[in-house]
Every structure is written in structure tokens, then in C-alpha cells.
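Participant: Dropping a structure here in C-alpha cells format, bear with me for questions.
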Amino acid sequence: MKTTMTAKGMNITPAIENRVLRKTQTMGKYLRQDTEMFVRMRREKALRIVEITVPINGVLLRAEASSEDNLFMSIDRALAKLEKQILKHRTRLDKRLREEIPADAQPEFIEDLTPAEQEERQVVRQKTYTVRPMSMEDAVMQMELLGHSFFVYVDVDSGLTQVLYLRKDGNLGVLIPEA
């Protein structure tokens, strides 16, 4: 497995590099040898944030974790989240992950799985609505008026369906689908 590390606002010391490489190599039991893993580390005030992204044949696994002044804890938490995603979606990801993963493989990073975390999510409600052409400013206003964290609309300029969403940092993001 190839691991690429980048850092913003901090230096990657040999100790950090060794820790990340050692920890990410244990994920090899779930992933193929040619899989790439991108580890991004950054410092924001007192927080140490680690984001791990693993692109696998059209599926993007992503985990982010943070802790105050402890980068190693952030690394462990992000890997635990990634491992939890892999175990939770194992049946859907089987063809993209390694096929020879034993079904009873012991998690390396997850300390305990509660029964609620092991259950599959179900669609409990479907809603239809009319998508109207509007500008991004109108979509922002509409999303805020509704009190939602996302809003789907058709952009008046491009004619494309776009998703406006509220990011964790409080800013807004836009998803623009490609064909």
C-alpha cells in the first residue's frame, strides 16, 4: 500500500512519519497492495486534525479526526473511523477491497462496536419536491429559511443540478455533478 503524507502548519518529523506508516500498513489486511492512502495533517490553533482518504475503484473512503495538541491520538481516531467504515460497508465494498479478508477479522483500531453501529441504515422516508432554477444566492437564502444543512437546486446560469451544503467549519460548499 502506498501512503502519501502532507502537512499544513506543521512539520512531518521522522517519528510522525514512522507512526503513520506503521499504523496505515495494518490497514493492508483490508485493502489491496496497490491501494493509495492519502494522509493530510494540519494544525488549527490548538487542534491537530488528521484526514485520511482512500480512493478505491470509484468509491472514496474518508475519515477525519481531531484532538487538542495530540497528533498521534488524531491519527488513531481517524484510522478507527476508516476501519469502522470498511467493516460497516464490507458487503458493498467486497469487490473493491481485498476478497480474501476473513469475515471474522479482528478490528485493529476500533475498541468496541455497539450493536447500533453494526446495523445497516435504512431509508425511512422519501420526499419529492419541485426543483426550481435559481441563483446560488437565492439557494443560500432558501436553505437558511428552511433551516436545512443542504439544498438541491438547478443553477439558473448553467442549468445543472447542484447541491449547496453547510460545512463543519460553518462555511458553505457546492457539489456540482459531472457526467
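The values are calculated or read from the model by the stated rules, or taken from the named source; none is laboratory data. On a predicted model such as this, the values are computed, not experimentally measured, just so you know. We place every Cβ from the backbone using ideal geometry, glycine too, and count neighbours over all the protein chains shown.
Participant: For region 1-44, give me each residue that is of a type in the set (Lys, Arg) and free of Cβ contacts under 8 Å to residues at least 40 places away in the same chain.
Facilitator: Passing the criteria: 2, 8, 22, 40, 42, 43.
Each row is one residue, and each column tells you yes or no for (1) assigned to a loop (DSSP other than H, G, I, E, B); (2) at pLDDT 75 or above.
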{"site": "63", "(1), (2)": "no, yes"}
{"site": "72", "(1), (2)": "no, yes"}
{"site": "75", "(1), (2)": "no, yes"}
{"site": "80", "(1), (2)": "no, yes"}
{"site": "86", "(1), (2)": "no, yes"}
{"site": "92", "(1), (2)": "no, no"}
{"site": "96", "(1), (2)": "yes, no"}
{"site": "103", "(1), (2)": "yes, no"}
{"site": "108", "(1), (2)": "yes, no"}
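Participant: Within region 153-179, track down each residue that is farther than 30 Å from residue 44 by Cβ and of a type in the set (A, V, I, L, M).
Facilitator: 154, 156, 160, 179
Participant: Restricted to region 18-41, and to residues that are under 23 Å from residue 169 (Cβ atoms) and either buried (at least 17 other Cβ atoms within 10 Å of the Cβ) or not assigned by TED's automatic domain parsing to the domain that holds residue 88 (or both), which residue is farthest from the chain's Cα centre (by Cα)?
Facilitator: 41
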